[in-house]
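Heads up, the thing below is written out as structure tokens.
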Amino acid sequence: MSFPVDGKWTKCIDSPYPRLSLDTYRAASPDTKIPNYQVADLVIGILHIGVGAFHRAHQCFYFDALARKGNTDCGVFGVSLRSDLTGDFLAAQDYLYTLSLLSEPRETSVIGCVRAIETPRTGFDVAFSLFSKASLKLVTLTVTEKGYGEESNELVNFLVEGLRRRRAADLPLVIASCDNLQSNGDRLAGLLETQLVDDPGLLKWIKRRVQFPNSMVDSITPASTERQKNILHTDVGLRDEAPVFREPFSDWVMERCDCDIDLETVGIKLVEHVAPFELLKLRILNATHSLLAYLGISLGYDTVCSAMQDDEVRRLVERFMATVRPLLDVPGEVDTVSYCSQVLERFSNPGIAHLLTQIAEDGSVKLKERVLPLLWVDPGAVRKNNLLCFPLALWMNHVSQTARKGGQLKDPSGDWLISAVKDAPAQEIVYLCLETLDAAHQLPHATIDLLGEMLLQIQTEGIGPMMSKMTKE
């Protein structure tokens, strides 16, 4: 038997356990936390676009906590704009699923806040009808960085249709992006403004009645493994064909907004300015993740934890964080040293098999947000410390090696890059890769030359000598 987990087909052995559903969830093992609320009584107060693993492991964790505290307005209606798979398999479980925190001992809960999902096959009629209801208080979305670029049309068209109906009812709304982008709410509002240039009436109403708070969300959620699923079935005593697993750490920071759902009671932080929290995550955690991905893959490691067990890799990671910290424009009360220490501890968690190949995907999109801005902050710092350029040089080497081996690159620009760089010399590879970051004509020539020198050294001498040099500088 095969089943999909968040868009990927995974083979599952036949299980002797009954399928998780509203009829069976109370039979879960005593160690499993089951809903202490009547799942069917939840009112849809939240609509979420992009029902992937991260949403179900992160935002739904908070919405489920609201329900456990007695709130009934935190039911979630999911919208999957591209895939039917997750919706189909959750529907067969009455939209229940398990969330396991990869701690010791592991904590597993049955999550009951998702009440329905619409997909391209079902159409989105019910979802659109919710925009006319006063009970809908919050729209959230996790569509990844790609969803704000060339793949934004589906998202924007969906929101425009929903907001037309919201305007007809003249009801306010909060729409919160939960994607790894700085100023994600502002960017989403900007996409809508561009789309509605010929509809000034709707645009004027949106600016008056709809809020787009910026937010920062954080919890490492690796792809699930067969071993995890099989252990889960045995431990819980039920068969869940769409489980999610994540690290114990979780954080959600959002700009203050007029949301009628009491988010702060379950640990969501509402603040005046999200930017410091965004910068910390993007430039420390996410940028270092990308560095680790391309470095670890080149050294033959498969997970973040396994790479972090290499003392030289760990020293390089620590030096990279220490180099980035002074470049962050964050308030003095933000303890960046403690944050870095916490990230190192999270990366070293042996219970989290976070695949480096998963992190390495979509490099042309991720690096534009995570790493490239570091090169703009202080050109002098780049000249003094080549380490700031190292993630880009490693990515360029990864692209080049993939092309020369005849492999495939999971990236919006993947096919073009593979064809373009296959037989190109190092300096040309740098320019071609920077084209996909929209940076080939923006970065200083000295930085571009430095990237070419680094890439050529990696190609001719391997990763080891450069890594050793950077850990000793």
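Bear in mind these aren't lab numbers, they're just calculated from the coordinates by the rules spelled out. In this text, all values refer to a predicted model and were calculated from it rather than measured experimentally. Note: ideal-geometry Cβ built from the backbone for every residue, glycine included; neighbour counts use all protein chains shown.
Worth a mention:
- Legend: ranking of residues Arg256, Arg68 from fewest to most surrounding C-beta atoms inside 10 Å; resulting order Arg256, Arg68.
- Reported to the nearest whole Å, the Cα centre-to-centre distance from the stretch 130-183 to the stretch 21-75 is 22.
- Sequence-ordered 3J(HN,Hα) estimates for the stretch 274-291 from the Karplus curve with 6.51, -1.76 and 1.60 and θ = phi - 60° stand at 8, 3, x, 6, 4, 4, 4, 5, 5, 8, 9, 5, 5, 5, 5, 4, 5, 4 Hz, glycine and proline given as x.
- Both numbers refer to the Cα atoms of the stretch 1-156; Rg and Dmax are 15.8, 47 Å.
- Span from the the stretch 76-93 Cα centroid across to the the stretch 404-473 one, whole angstrom: 39 Å
- Taking 0.36 nm per residue of sequence separation and removing the Cα-Cα distance, the Lys207/Arg121 pair yields an extension gain of 27.7 nm.
- Exposure proxy ranking, count of Cβ atoms within 10 Å, fewest first, for Leu443, Leu196: Leu196, Leu443
- Computed from the C-alpha gyration tensor, the three semi-axes of the ellipsoid equivalent to the chain are 38, 27, 21 Å, from longest to shortest.
- Scoring 360-373, 112-125 by mean Cβ neighbours within 10 Å over their residues and listing the highest first yields 360-373, 112-125.
- Theoretical gain in end-to-end length, Arg82 to Lys384 [0.36 nm per residue, Cα-Cα removed]: 104.2 nm
- Residues with amide H under 5 Å from that of Leu47, placed H, sequence gap 5 or more: Phe77, Leu138, Val139, Thr140
- Principal-axis analysis of the Cα atoms of the chain puts helix 184-195 at an angle of about 80° to the longest axis.
- Counting other Cβ atoms within 10 Å as a rough exposure proxy, the listed residues Lys207, Lys137, Lys146 run Lys207, Lys146, Lys137 from fewest neighbours to most.
- Between Arg239 and Arg19, Leu20, the built amide H atoms are under 5 Å apart, and every one of these is 5 or more places off in sequence or on another chain.
- Stokes-Einstein D (µm²/s) once Rh is taken as the Kirkwood radius of the stretch 276-472 over alpha-carbon pairs, at 10 °C in 1.306 mPa s: 94 µm²/s
- Dipole check for the stretch 21-116: with +1 at the C-beta of Lys and Arg, -1 at the C-beta of Asp and Glu, and the Cα centre as origin, the magnitude is about 160 Debye.
- Efficiency of FRET from Cβ geometry, Lys269 and Gln38, R₀ 35 Å, rounded to 0.05: 0.75
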